[in-house]
Amino acid sequence: MSNCDFFPNAGGIRPIKYSDGVMRLIDQRRLPTEELWLEYTDYQQVAEAIRSMVVRGAPAIGITAAYGAYFGARDIKAESYSDFISEFDQVCEVLAATRPTAVNLFWALQRMKSLVHANADQPVGNLKIGLEYEAMAINEEDIRINMKMGRHGAALLPDQVRILTHCNAGALATGGYGTALGVIRAAVAAGKQVSVFADETRPFLQGSRLTAWELQQDSIQTVLICDNMAGYLMSKGAIDAVIVGADRIAANGDVANKIGTYTVAVLAKEHNIPFYVAAPISTIDLQIADGSLIPIEERDIREVTHIGEQQLAPTGIGVLNPAFDVTPARLVSAIITEHGVARGNYAEQLADFVRQGG
Ligand code: MRU
């Protein structure tokens, strides 16, 4: 069984490949200088891959966790449903404890659990087969959703457009094609003249290492800038639109995304530049009323004090490393989803999109 051929001509890399019981991930920590693929067959190793950022980006984390849940289920020896489900719950708990902010992780695990609950009358062997298919379906659907989202988003853009993006919301952050970068790919495919400014995205450098790499692979005109250059470029009239992804969108439309996104949104407002968020329905969390309730991951301070082995700050200095921030809904011009574009009254429209199903 293989997913390696999902939408082969859609543009962008497929960072998660699954074939005959083995998942392969491109090690995103090594890009752009090395394309190393790592193999996974064990859920504990999958959890570690998510924690250590071999794979990152909200939808990609969810897909990876779904395959991890399948591996965990496959290796359970129990034959009765009750023993199986209690072990399977533990597998899902380990995977859920890897990263707290991107809700797609919890969404994907819940989907895997729901499949098991809905088929409690089936023999355990059938549940395992079902879980393998479900993980592959989540992966394949994600690419299809991104292509749909891309078309909705591209329609918002003028024929000539210079776009700023932050972090990596591209093929690498998803099953393929990307959310924010999916909109860019769709606009290019529609014949629009698109150029991109990629924020380098300190401290983990997803912009310079990943966004710049994947857009260059697709020959999409891209200029890399340091995060602190965006305001200057906006003041010079060099940016027409901002498009970013999201890790979790609260019921009121507040958006958690990579640290620095909020700064870009404030700058965009000041310069009257539209600020778009592209995200699948699985990123919307209606359980969270507003952005202040979204858990924000704090990562190792070494990501700030070092680049590789190179120390950049004095030993012992106080350091903060929140990995995400929250952009209030009032700064968001539109939220682009696979079901269409929400504007203005996010609470009602997002709830409606979620009702339509993710
Ligand atoms: O810490 P990361 O690299 O997982 O953070 C990723 C982001 O913030 C992305 O912008 C977000 O997940 C959207 S990806 C389609």
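In the chain, the longest principal axis of the Cα atoms and the axis of helix 103-118 are about 20 degrees apart.
If you put +1 on each Lys and Arg Cβ and -1 on each Asp and Glu Cβ, how big is the dipole of the chain around its Cα centre, in Debye rounded to 20? Numbers along the way, then the final one.
Details: 30 positive and 41 negative charges, 186 e Å.
It works out to roughly 900 debye.
Angle of helix 261-270 to the longest C-alpha principal axis of the chain, folded into 0 to 90 degrees and rounded to 10: 30°. Ligands, DNA and RNA are left out, and with a 1.4 angstrom probe the accessible area of segment 16-146 is 39 Å² per residue. Protection proxy ranking of 245-251, 124-130, by the mean of other Cβ atoms within 10 Å over each peptide's residues and highest first, is 245-251, 124-130. Separation between the N228 and E309 pseudo-spin-labels, each 7 Å from Cα along Cα→Cβ, expressed in nm? Result: 2.8 nm between the two label points.
Taking all protein chains as present, what is the carbon and sulfur share of the accessible area of the chain, in % to the nearest whole number, probe 1.4 Å? Display every interim value, and only then the final one.
Values: 7390 of 14610 Å².
Carbon with sulfur: 51 percent of the solvent-accessible area.
Remark: spin-label model distance R343-I129 equals 4.9 nm, labels positioned 7 Å along the Cα→Cβ axis.
Couplings 3J(HN,Hα) for segment 328-335, derived from phi with the Karplus relation 6.51 cos²θ - 1.76 cosθ + 1.60 (θ = phi - 60°), are x, 3, 5, 8, 9, 6, 6, 10 Hz, where x marks Gly and Pro.
When a/c is below 1.5 the answer is rounded, else prolate if a/b is larger than b/c, else oblate, so apply that to segment 210-311 with a ≥ b ≥ c taken from the square roots of the Cα gyration tensor eigenvalues. Oblate, since a/c reaches 1.5 and b/c is not below a/b.
Which of rounded, prolate, oblate describes segment 156-357, given a ≥ b ≥ c as roots of the alpha-carbon gyration tensor eigenvalues and a/c under 1.5 marking rounded, otherwise prolate only if a/b is larger than b/c? Kindly include the intermediate steps, with their values, before the conclusion.
On the way: a/c = 1.64, a/b = 1.17, b/c = 1.40.
The shape class here is oblate.
Each label was represented as a point 7 Å from its Cα along the Cα-to-Cβ direction; for N321 and R51 these points are 1.5 nm apart.
Per-residue extension of 0.36 nm, minus the Cα-Cα distance of D89 and D218, leaves a gain of 42.4 nm for this segment.
Normalising by the residue count of the chain, find the relative contact order in percent from Cα pairs under 8 Å and 6+ residues apart.
Working: 743 pairs, mean separation 56.6, N = 358.
That works out to 16 percent.
The values are calculated or read from the model by the stated rules, or taken from the named source; none is laboratory data. What you are looking at is a predicted structure, and each value in this text was computed from that prediction instead of being measured. Cβ sites come from the backbone with ideal geometry, for glycine too, and all protein chains shown count toward neighbours. Accessible surface is based on the protein model in full, side chains and every heavy atom, while ligands, DNA and RNA are left aside. Shrake-Rupley method; radii C 1.70, N 1.55, O 1.52, S 1.80 Å.
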